[in-house]
Each structure stands twice: as structure tokens, then as C-alpha cells.
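This report concerns only the one structure given below.
The values are calculated or read from the model by the stated rules, or taken from the named source; none is laboratory data. Since we're looking at a predicted model, the values are computed, not measured. Here the Cβ positions follow ideal geometry from the backbone for every residue, glycine too, while neighbour counts run over all protein chains shown. The area values use the complete protein model at the heavy-atom level, side chains included, leaving out ligands, DNA and RNA. Shrake-Rupley method; radii C 1.70, N 1.55, O 1.52, S 1.80 Å.
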Amino acid sequence: MSSIKPKSKPCKGIGKAFGVIGCGTPTLYRTYGLCNNCLSDFLFDNDKGKLLFEKEIKPKAQRKVKAKQSKETKEAKKKLLSPDNFRAKYVQPKINLIARLIDYGCSCIATNNQGKMNGGHRISVGANRSTSLNLHNIHIQSFESNHFKSGDNMKYDIGIVERYGDNYLKFLNSLHQTPKLGLNLNDYEKVIQIANSIIKVLENENKTLTEPREATNRIELRNKYNFELGIYQEQQAIYNPLTKL
């Protein structure tokens, strides 16, 4: 099936350049109905064009340049970060969001309350950097419980057992043995790309797996996305209830 090709039209002012005669030359790509030469004359020699340039075109171009410079500066600063600082600033929020989306609609793992929610680590990031990106180590937790009650460690464990069973808690304890990740900035950039794709899928699906019988589904999603992210070895990434711990 052939696509419709654009047709050339005579150079003549339209829209914001209405009334400008132009050169009349058939032109494929026009701005305000004018070819590039006539557009330049309009913007820099015509009083109406000068006003349009100063009020609209110039500020818009300046914003684009500023946005590009800001992006370049941000990218340059990112490259100066250590891998761990990069993880904390750019990667960790993405992984925490994935965990929250998996648990969307569930109450706080520690207090069973609703409210403003975080992704709460069972093994804190300060205690073990290596487990910080493991989705099995992150469950939905209220902001209050996670921040003001130092993670509610004992209640957190009780919540894990009530929702997922003793064997799952044993698996979480085994994550203390996770080897050092050793990822560099390029590795983390790839993780971010994969994480963004996962987040898009979860947000589009907008599922709530809040029923007790859906606990297995939440674990399976953690298994699935841990595998896709490729950060951990299978022993740490995948929970198999049949495995003896």
C-alpha cells in the first residue's frame, strides 16, 4: 500500500504570516506558508515577523536549548557518581516502585495499616547493600512504619509469615548470604531500562493482588521480574517453596 506523498504548494503567507506575499515558488516544506528564504525575511525584516520571533519563536528555542543543556549536565553528573551512589539515586527508586506495584492495594507488611506507602526492605540497605535490589527483600510498607519506627523489624517478620509462610521467611533470611553485586554504571543503566519496561507493564495492567490466595502470585511476580532484571543469581532471585533451606 503506497503512502500519500505531500504536495508542493506556492510560497505565500498563511496563519501568523497572513498577508505576506512570499515568492510564490512551489515549496514542499513551509512554515507559516513560507519557504525558508521568505520566512527569514519575514522574521527579521517585517515588523509583524519581528514581534512573532521575539515573543514566541526565540523563547521557545531558548527553552529547548536550556532543556538540552540541563539534560547534558544531568547526564554528566550521573557519570561522576560512584556505582553505589548511582544505585541509591537512580536504580533503587525504580526497584522499590516495582515492589509497590506488585503489592498494589495490599496493607502494610508490618502494621497491616493503609496509608502512604513505601517499598520497605526486610534486610535494610544499610545492613546489606547486596540485598537492596532484590524484590523478595522489598514489600509494601507504610511510610510511618518504614521511617519512624525503624522498619518495625519484628512486626515485618510476623507479616511475612502471616502472608507467605515460615519457609518464605527462611528464604529471606538466606539472602544475608548474597554475594557482593559488583555492578558498574553501565550495568545499572541496563537495569534501569529493564525496570522501566516492567513498571510500564505493571502500571498498564493496574492489578490488585490483595486476596490471601493471591500471595503466591505476588511471589511469582517477584521471581519473574528478578529474573528479567538479571541482577541476582537464581539462588537469590527465585523462591521455590519446595527447596529445603
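Tell me the helices (runs of 4 or more DSSP H) entirely within region 30-118 that contain at least 3 residues that are touching an Asp or Glu at 6+ places or on another chain (Cβ under 7 Å) and in contact (Cβ under 8 Å) with a residue 40 or more places away in the chain. Working first, answer last.
Values: elements: 36-45, 47-52, 58-80, 83-86, 92-102.
Those helices (runs of 4 or more DSSP H) do not exist here; none qualify.
Return the residues of region 124-135 that are in contact with a helix residue (DSSP H, G or I) (Cβ under 8 Å, 6 or more places away or on another chain), of a type in the set (S, T, N, Q) and open to solvent by less than 20 Å² (accessible area, probe 1.4 Å); say none if nothing qualifies.
So the first thing to find is which residues in region 124-135 are in contact with a helix residue (DSSP H, G or I) (Cβ under 8 Å, 6 or more places away or on another chain), and the list is 125, 128-129, 131-135.
From what's left, of a type in the set (S, T, N, Q): 128, 131-132, 134.
Once the filter is applied, which keeps residues that are in contact with a helix residue (DSSP H, G or I) (Cβ under 8 Å, 6 or more places away or on another chain), of a type in the set (S, T, N, Q) and open to solvent by less than 20 Å² (accessible area, probe 1.4 Å), region 124-135 yields Thr131, Ser132, Asn134.
Any residue in region 6-24 that's at positive phi: show its pairings with residues that are of a type in the set (Ser, Thr, Tyr) at Cβ separation under 6 Å, as long as the two are six or more apart or on different chains.
Once the first residue is at positive phi and sits in region 6-24, its partners that are of a type in the set (Ser, Thr, Tyr) give Gly15/Tyr32.
Which ones in region 223-245 are assigned to a helix (DSSP H, G or I) and more than 20 Å from Ser197 (Cβ to Cβ)?
Quick first cut of region 223-245, residues assigned to a helix (DSSP H, G or I) only: 223-229, 234-237.
Scanning region 223-245 gives Glu234, Gln235, Gln236.
For (1) touching a residue at least 24 places away in the same chain (Cβ under 8 Å); (2) farther than 30 Å from Leu81 by Cβ, each residue gets a yes or a no:
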position	(1), (2)
Ile160	yes, yes
Phe171	yes, yes
Lys224	no, no
Glu228	yes, no
Gln236	yes, no
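Each row is one residue, and each column tells you yes or no for (1) more than 22 Å from Leu101 (Cβ to Cβ); (2) surrounded by 21 or more Cβ atoms within 10 Å (Cβ to Cβ); (3) not aromatic (Phe, Trp, Tyr).
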| residue | (1), (2), (3) |
| --- | --- |
| Arg122 | no, yes, yes |
| Asn137 | no, yes, yes |
| Ser145 | no, yes, yes |
| Gly159 | no, yes, yes |
| Glu162 | no, no, yes |
| Tyr168 | no, no, no |
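Listed here are the residues, each with its yes/no results for (1) among the aromatic types (Phe, Trp, Tyr); (2) modelled with pLDDT under 90; (3) more than 30 Å from Leu181 (Cβ to Cβ).
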site: Ile4; (1), (2), (3): no, yes, yes
site: Cys11; (1), (2), (3): no, no, yes
site: Glu56; (1), (2), (3): no, no, yes
site: Val65; (1), (2), (3): no, yes, yes
site: Thr73; (1), (2), (3): no, yes, no
site: Pro93; (1), (2), (3): no, no, no
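Within region 185-226, which residues are open to solvent by less than 60 Å² (accessible area, probe 1.4 Å), under 17 Å from the mean Cα position of the chain (by Cα) and not hydroxyl-bearing (Ser, Thr, Tyr)?
Leu185, Asp187, Val191, Ile192, Ile194, Ala195, Ile198, Ile199, Leu202, Asn226, listed by residue number.
Collect the residues in region 100-130 that are among the polar types (S, T, N, Q), over 20 Å from the mean Cα position of the chain (by Cα) and under 23 Å from Ala237 (Cα atoms), keeping them in residue-number order.
In the first step, residues of region 100-130 are kept if they are among the polar types (S, T, N, Q); the result is 107, 111-114, 118, 124, 128, 130.
This time we only want the ones that are over 20 Å from the mean Cα position of the chain (by Cα), so: 107, 111-114, 124, 128, 130.
Those that are among the polar types (S, T, N, Q), over 20 Å from the mean Cα position of the chain (by Cα) and under 23 Å from Ala237 (Cα atoms): Ser124, Asn128, Ser130.
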